[in-house]
Amino acid sequence: MRARKKKNCDARLERCSDYIIDKIVVPPENDKPVFLEIGCGKGRFAVETAEKESCLFFAVEIMKDIIVMAIEKGAKRGLDNIKYKIGSADDILEFCPENCVDTLFLNFCDPWPKKRNAKRRLTYRAYLEKYKKILKKDGIIAFKTDNYPLFTFSVEEFKESGFEIYDYTENLHESGIYNVAMTEYEERFSQMGQPIYHLKARMKN
Ligand SMILES: C[S@@+](CC[C@H](N)C(=O)[O-])C[C@H]1O[C@@H](n2cnc3c(N)ncnc32)[C@H](O)[C@@H]1O
């Protein structure tokens, strides 16, 4: 996602500093599922999911000029079950404990269409190895995209990395599979008539 430099971005982040974390910490008394979204963009999915579900939601985004909008959305609604991390999936093991996440959401991640950039796709096997570490034993990855080449690439990466795939569909909105919330990209592409590809992946026992 291209982001124009936001005016007063640092001041805006400062005003919402209660929502921003350095590291993901799950309080020992927590009894709710832990949700993590990587590449949350402007935050619609994260905020609506945190509102609807009894969960602890952590939203990660690399671009501070983009996440500032996501953080302001959460803060405006006064949500107490969502926190935001400005950071990259590359460093996930530095700011997220192992064996901690129930559901990891990857929504409309950048497709990086050129083959030489395949390693940058957030479903590339090196990322999946990192995600395995932060997922709980029965934790899952929920993935959706408008991009069919990225989708088919990801299916192979999940399989190669020892995941089994379920809730696979090439048209999420007509599938009957529960879609807790739409993302900004999802709304835009589905309004253009584009089907949304979706799958869930869990480690084979
Ligand atoms: C195509 S946008 C989709 C945004 C949002 N998920 C949606 O569906 O509307 C992809 C987002 O992932 C972020 N991103 C890209 N690489 C990332 C990384 N390595 N770690 C965290 N976020 C990343 C981008 O900055 C961008 O906001």
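Brief remarks follow.
- The ranking of Lys114, Lys85 from fewest to most other beta carbons within 10 Å of each one's beta carbon is Lys114, Lys85.
- Structure-based [θ]222 nm, the chain - -39500 (n - 2.57) summed over DSSP H runs of at least 4, per residue, nearest 500: -9000 deg cm²/dmol
- Qualifying GluC sites (Glu not before Pro) for the range 124-205 [loop in DSSP, other Cβ within 10 Å: at most 16]: Glu170
- GluC sites (Glu not before Pro) within the range 1-89: DSSP coil, no more than 12 neighbouring Cβ in 10 Å: Glu29
- Translational diffusion of the range 31-203, µm² s⁻¹ [Kirkwood Rh, Cα pairs; Stokes-Einstein; 10 °C; 1.306 mPa s]: 98 µm²/s
- Here is the size of the range 3-126 from its Cα atoms: Rg then Dmax, 14.5, 45 Å.
- Pairs spanning more than 18 Å between alpha-carbon atoms, out of Lys32/Lys200; Lys133/Lys204; Lys23/Lys52: Lys32/Lys200; Lys23/Lys52.
- Taking 20 Å as the cut-off, the amide N atoms of the range 181-205 that come nearer than this to a point 7 Å along the Cα-to-beta-carbon line of Arg4 belong to 184-185, 188.
- Antiparallel bridge percentage (DSSP; both residues within the range 31-203; nearest 5): 35 percent
- Calculated FRET efficiency for the pair Tyr148/Lys119, C-beta based, R₀ 25 Å, to 0.05: 0.80
- Calculated FRET efficiency, His173 to Asp102, Cβ-Cβ distance, R0 = 22 Å: about 0.35 to the nearest 0.05.
- Counted by neighbouring Cβ atoms within 10 Å, the residues Cys40, Cys109 run from fewest to most as Cys109, Cys40.
- Cα→Cβ-extended label distance, 7 Å offset, between Ala11 and Lys159, nm: 5.4 nm
- Reach of Lys76 by Cα under 20 Å, taken over aspartates and glutamates that are not fewer than 8 positions away in the same chain: Asp10, Glu14, Asp18, Glu37, Glu48, Glu51, Glu53, Glu61, Asp65, Glu184
- Centre separation in Å (Cα based) which lies between the range 90-121 and the range 147-201: 15 Å
Just so you know, all these numbers are worked out from the coordinates, no wet-lab data involved. This is a predicted model, so every value here is computed, not measured. Heads up, the Cβs are rebuilt from the backbone with ideal geometry, glycines too, and the neighbour counts pull from every protein chain shown.
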